[in-house]
Each structure stands twice: as structure tokens, then as C-alpha cells.
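Data first, discussion second: the structure below is written as C-alpha cells.
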Amino acid sequence: MKGGVILFIVEGPSDQDAITAFIAKEVLEQNIKVTVKVMHGDILTRYDEHTKDYSIHSGNVKGEVKKLILDYLNSPSVKSSHIRVNDIKKVYYMTDTDNCFLKEEVHSINKKECLNKIFNFEEIELSKNKKVEFEVIFFAHNLEHVIDENSNKLTDEEKEQIASDFAVESLNDRNYFIKTFTTSLMTWDSFKESYKGIKSYKDRACNINNLLNEIEEWKKN
């Protein structure tokens, strides 16, 4: 892939700092820009107090994801950067799984059902004549757990510091980023395989290696 824009939808600023800054640097030579929509929370477990239900569920998740993408692209800040719908080449939805596939709490079930839908998107239609490829990047249990397996014992501030330190180290040392997401944790050979595998895997796992493989293919073409 040469040129165009890839869009990342992420749950929080730490995901943006730790992951997308590195990716933006990696694809720079392909004249590919990276734009990031930060959700400031997990939209798949967002509870609507008025309806006593989840605002996003398996029945409306595709429409809601499409809407948030279009709302983001139509926002003044993005328009001022001259990014348009037709510039988008691919969308990556980045999320913590929170081990939802192995839990029975109501919010975990809702997230599991939503992810089962999202895993099968393949493409998302942004306009009548514009469809783009769509993939999910996940961290099990969360980003900090993948970076540092002892993160469950840390405070939120310490987790943020881990992500920040990781971002700085990765930008200074490309191999540090690659090694983190390709060794000493569970990975799969393709996005499709990862979507199946994560449903029964509860330890440290991530499928960013599949994104790294895609980037290497883009560099060849």
C-alpha cells in the first residue's frame, strides 16, 4: 500500500502513545498517514443509565462503529488536516479484551457478543461508493498486561507510566517494539486465526504481529 490514511480507533491515550506513534513512523516512507480516534473508554461496556442497557450491543455495533468513524472524519480538527473519507485505506479497532470471552458478568457478555460481530466485519462501508478494510487489534487482558505481565498489581498512574516509557523506548529502538509483540506472549499467524484463538486463551496475548507483517508487505509493494 502506498499513500492514503489508516485510521486507528483506540480506547485511551496510552494506546495512542504506545502503539500508533510507532506505527506512524513505520509507514512514513510509504507516504501513509496515521490518524487516531481516542474513545476515552471502552464503548462496548458503556452502560446507558436511562434505558438500563448497553448503548452499543451486537445488534447495532456495526452501525455505531460506522457512525463514530464518520463523526470523527467530519470533525473540524480532522477536516482542517485535510483528511477526507476517500483518503481512508484501512481501519483498525484497538481494544483490551479484559478476558471477556472467559467471564460471565453482564458487561463481559456484552463485550464478547460485540467482539464476535466486529471480528467478522472484514470491510466497513463509509459511503455508497467507499468500503475500507477493517481489522481488530487486541490486548489480552490489556495493553499494560502485554507490555508488563505484573501490571495487574499496579495503580492506574503506574500503568500510564509503563505505556509512556514503552512509547519512548520504542521510538528510540525499533527492535524493542517488535520484540515486545512477537516474543514471550501468545501470537497467531493471521488476524483471522487470532480472532478464533483469543476466545479460549487467558494469558498474555496480542495480535499486533499481524499488523507488523502487513506493514512489511506494504514496504515490498
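With every protein chain kept in place and ligands, DNA and RNA left out, what is the accessible area per residue of the chain? Probe 1.4 Å, answer in Å².
Values: 11470 Å² over 221 residues.
Roughly 52 Å² per residue, with all protein chains present.
Of 132, 95, 59, which is farthest along the charge dipole of the chain in the positive direction, counting Lys and Arg as +1 and Asp and Glu as -1 at C-beta?
132
Suppose the Debye formula is applied to equal point scatterers at every Cα of the range 95-221; what is log10 I(q)/I(0) at q = 0.12 Å⁻¹?
Scattering profile of the range 95-221, log10 relative to I(0): -0.53.
Starting from the exponent 0.38 and prefactor 2.2 Å, build the expected Rg for the range 53-148 from its residue count and divide its actual Cα Rg by it.
1.21
Do the alpha carbons of any pairs in 128/196; 90/199; 2/67 sit beyond 29 Å of each other, and which pairs?
Details: 128/196 31 Å; 90/199 24 Å; 2/67 27 Å.
The answer is 128/196.
Zone of residue 52 (label point 7 Å along Cα→Cβ, backbone N under 20 Å): which residues in the range 100-134?
105-111
Grab the DSSP H runs of the chain that are 4 residues or longer, score each as -39,500 (n - 2.57), total them, divide by all residues and round the 222 nm result to the nearest 500 deg cm²/dmol.
Estimated from H runs of four or more residues: -11000 deg cm²/dmol.
Quick one: with all protein chains in place, what share of the accessible area of the chain is carbon or sulfur, to the nearest percent (1.4 Å probe)?
Result for the chain: 45 percent of the exposed heavy-atom area is carbon or sulfur.
How long are the three semi-axes of the equivalent ellipsoid for the chain, computed from the Cα gyration tensor as the root of 5 times each eigenvalue, in whole Å, largest first?
24, 24, 17
Using the alpha carbon gyration tensor of the range 1-129, what are the three equivalent-ellipsoid semi-axes (square root of 5 times each eigenvalue), largest first, in whole Å?
27, 17, 14
The values are calculated or read from the model by the stated rules, or taken from the named source; none is laboratory data. Computed from a predicted structure; not experimentally measured. Note that each Cβ is placed from the backbone with ideal geometry, even for glycine, and that neighbours are counted across all protein chains shown. Ligands, DNA and RNA are stripped out before the accessible areas are found, and what is left, the full protein with its side chains, is counted by its heavy atoms. Shrake-Rupley method; radii C 1.70, N 1.55, O 1.52, S 1.80 Å.
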